[in-house]
Structure formats: C-alpha cells, structure tokens
Amino acid sequence: MTVLWFRAALLPSGWSARVRVVIRDRWIAAVEVGAAPAAGDEIHGLGLPGLPNLHSHAFQRAMAGQAERRIAAQDNFWSWRTHMYALAQTLDPPALEAIAALAFAEMLEGGFVRVGEFHYVHHDRDGTPYEDPAEMAASLAAAAATTGIGLTLLPVFYANAGFGGLPPSSDQRRFVHDTDGYARLLEASERTLANLEDGRLGMAPHSLRAVTPDALDRLMALRSDGPIHIHIAEQTMEVDGCIAWSGQRPVAWLMENQRVDARWCLVHATHVDAAELAQISACGAVVGLCPMTEANLGDGVFPADELLARAGRFGIGSDSNVLIDAAQELRLLEYGQRLARRERNVLDAARGVGTADHIYAQACAGGAQALGAPLDRIEAGAAATLISLDDRDPSMVGWTPDEILARWVFASRKPIVDCVWRRGRKVVSGGRHHEREAIIARYRDTLARLRE
Ligand code: ZN
C-alpha cells in the first residue's frame, strides 16, 4: 500500500485541500479530504488526473526541429511530408521502439498518461509485410510497456495516394494494405496488445485521400466497437481535392456517407464550415486538435470557440511530436483563438470557470472518449493514474485553487509535472522518467545508426 498526501488535489468535485490518496495495487482504495499527513505518507504538491494524448505518430519525434528551413518557394505540410517520408523509410522495429520509448517518456514527463498511436509504418523497407503483420505495432507496445504509458493502438488503413483511388506512391509502400490484409493486421495487433496492461485497440482509416468509399465501408464492418480515428480537413488543398472529387467538403462527405458517432475522432477538422461544425457537435464525435503541430505545419486555426458554444467535444494530440508538453498544447490552443478573434479567454465557454480549467476538463473527457478508455479521476475505485505538479516552482508561489491550472498552462516557464503514477506504478519522479537515462542512450545510438 502507498499513501500520497497532496497539499491540494483535483477531485471530481473540484480542488480540495490536504488530500490523502490511498493506493492498493493498481487502484485508488480511498481518498480523504482535509486530512493531516500520516507517518510514511509521500508528501506532494498538487495532484490531478493526467491528460490523454489522443493523436501521436511517435516515430516523428526523431525529426523534431529538423525541417525548419525553407527548401521550396512554398513551404507547407506537403514539403514537410517529404522529410517525414524519408525518415519513415529508414525505420526498423528496434528503431521504432527506441524512438517511441523516448516520445512516450517525454509524454509522461509532460503530463500525458495515455497515448493514441495513429500507426501507419507497417511493412519492411521494401514494402514486404513482416512475418508478423503487427511487428512494428509490437515495437510501440514494447515502448509503452517500458515507459508505463497507456496505449490505444490505432492501426492505420492506407491504400491510395489521393482522392478517387489513386494508386499509392513508392514512398507509401510501407503503409499500404488491402482490406483483407488490414483485417489480419487488426487480429495480430489484438494479440500484441494482449501482453500489455490496459492496452486498447481501435481503427484508423488514414484520410479520405487514402481510402476509397468501398474500402471505408468494408473497414467499418470489421469491428463493431472501439475507437475510429481519421485525419480530416487538415489542409485547404485536401478540402479542394475533396470538393473536386465529390462535390462536397471532407467532413460533409463523411457525415453523409458514414454513421459518424461517439466512436469517431476527427483529427484536425481544421477547415470546417458552420454546417459541418453543427454536424460534428451533434453526432458526439471528438475533434482531435493538435495545436503545436497544426501551428508548425501552417495548417490553420480550428474554430474551437464555435465547437464549445455548440457543446461539441475535443481532445488534444501531440501528433508530429515536434515538442511534447500538455500545458503548451493547451496554451497554444487558447492563444490561437485569441489571435484569430482578438479577444481574451475565448475558450472559457463555461464563463468564469477559468479558461485553463475548462479546456483541461474538456480535453480529459474528450481524450478518454476518443481513446476508448475510462476517464481518470482521483476517487476510490478508480485506477491509480494521476500526476502531481511541483508547487515550489516560482510560477506557483501563492497559488489559490482557482489559479492552479491557469498558472501551469499560461505561466510556467518549464514543465512543472513532478511525479506521475500509472495504475499504481510511479514512472516519473522530480520531472524525470525513471528509465530516462537508458531510453536516451538507446535513442542516441539509434539515431546514429539510422544516419549511417
Ligand atoms: Zn496525424
């Protein structure tokens, strides 16, 4: 049994002072409020549930900061993708595991406790399937086991290079399946995840660019439950391409041709009109916002204020992993809205609750839904998955309960996540993942090997 004592903790009822959290095995056995610490209790600052990271391509961590010079007259998502494809061609299973372990450790250090891996590098370098179709997925599962992060694996179905069933290009050969091959990938992925504590499986048709309507129908028949994620309307060129192909915008096309419901996560959905936004909000799907990646790639600004006004749902993803930090994602989400609207506290949709408090709660709920996982709560009977913030950091001096999240999101100069527990296992202390040194050493060796 472990007992954690927090000067304050975010419980389902709100922030409470002097909280004892009793952990037995993987579970929270009891929560006492207004309690003095007992001998043997671990003393901590501020306890709260961690954030789900609903959209990641872990391997892209290895190119962070390396595509930041203009090489064409127009530098945008598509020129970035050329860099990314070059990296994807070099990966092998051990390299993917090493890179993912670093990304996952940084996620935990940055306040994320579960990740949705939108995973599409499936085959060997020449496009030949591995003997185990889930060989690369197994590398992600191994990295999740090493780091302790919760994994929702989203194997990607990728078949076409563009709208109208264009054949895939040679640099997409590691990604592609037919629907039968994809069904085998799902079965193999399920076997792989069986070795992982609380691993979950979903499906991910890559985008309307990469999947024909027939294939999408066949995919939907494969599994009757679990999350469904799709990249959609990230780029204006993609919207134009969809209109040229179908006469409809991407979200409008999807809404008309699939039964989109609470299983779905529409990743990005940056370019939506009012009618599409109304449909997304009404159907219960989650919008997967990735503010730092969308800014880095010059995608555009999603009208998050209008989504919240319609009681729509969203979660946060680190996507390209150019920088991994939960608080900075939320900060940029709100700042993007402020710059576009020329107003302050745009996403404090509950009016006066506090912008950071509101978007943190929304992103926890939306992220859990999108990853097919229970919402983490500090209460008896829940899994012992929580994080603590260091209240000795200068940004926290003189904190009051209604300012804690705002100070973290808007005013901390460095990550102030102190400790992280995942299902009772403490994986981060003093802001550092317990396997950090070994993970970094392996990452360093791996990058050197890939560049040889
Ligand atoms: Zn993505």
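Each reported figure results from applying straightforward, stated rules to the coordinates on display, with no laboratory input. Note that the structure is predicted; figures quoted are calculated from it, not measured. So basically every Cβ, Gly included, is an ideal-geometry build from the backbone, and we count neighbours across all protein chains shown.
Most tightly packed first, judged by the mean number of other beta-carbon atoms within 10 Å of their residues, the peptides 423-436, 296-309 read 296-309, 423-436.
Near R313, the amide H atoms lying under 5 Å from its own belong to V287; only residues 5 or more places off or on other chains count, and H is placed 1.01 Å from N.
Amide H contacts of H229: M203, A204, C265, each under 5 Å away and 5 or more positions distant or on a separate chain (H built 1.01 Å from N in the peptide plane; Pro and chain starts excluded).
Can you give the charge dipole size of region 363-452 about its Cα centre, rounded to the nearest 20 debye, using +1 on the beta carbon of Lys and Arg and -1 on the beta carbon of Asp and Glu? Kindly include the intermediate steps, with their values, before the conclusion.
Working: 15 positive and 12 negative charges, 90 e Å.
With only Lys, Arg, Asp and Glu charged at Cβ, the dipole is about 440 debye.
For L54, the residues 5 or more places off, or on other chains, whose built amide H falls under 5 Å of its own are G116, I316, G317, S318. With each label modelled as a point 7 angstrom along the Cα→C-beta vector, the E379-D225 pair spans 2.1 nm. Peptide packing for 381-394, 64-77, 161-174 was compared via the average number of neighbouring C-beta atoms within 10 Å per residue; ordered from the highest value, the list is 381-394, 161-174, 64-77.
Note on the chain: Cα-only Rg and Dmax are 21.4, 69 Å. Computed from phi, the 3J(HN,Hα) profile of region 56-61 under the Karplus parametrisation 6.51, -1.76, 1.60 (θ = phi - 60°) reads 9, 10, 4, 4, 5, 4 Hz, with x in place of Gly and Pro. Remark: the W78-W245 segment gains 58.2 nm on full extension, using 0.36 nm per residue and subtracting the alpha carbon distance. Computed from the Cβ-Cβ distance with R0 of 56 Å, the FRET efficiency linking A161 to A309 stands at 0.90. The 3J(HN,Hα) values that the Karplus relation (6.51, -1.76, 1.60; θ = phi - 60°) gives for region 308-321 are, in residue order, 5, 4, 9, 6, x, 10, 9, x, 10, x, 8, 6, 7, 6 Hz. Gly and Pro appear as x.
Counting DSSP beta bridges with both partners in the chain, what percentage is antiparallel, nearest 5? Just about 45 percent of them are antiparallel. Would you mind checking region 36-71 for residues with the amide N under 19 Å from a putative spin-label position 7 Å along Cα→C-beta of A448? The answer is 62-63. Please compute, over every Cα-Cα pair in region 265-364, the percentage with a separation greater than 16 angstrom. Across region 265-364, Cα pairs with separations above 16 Å total 52 percent.
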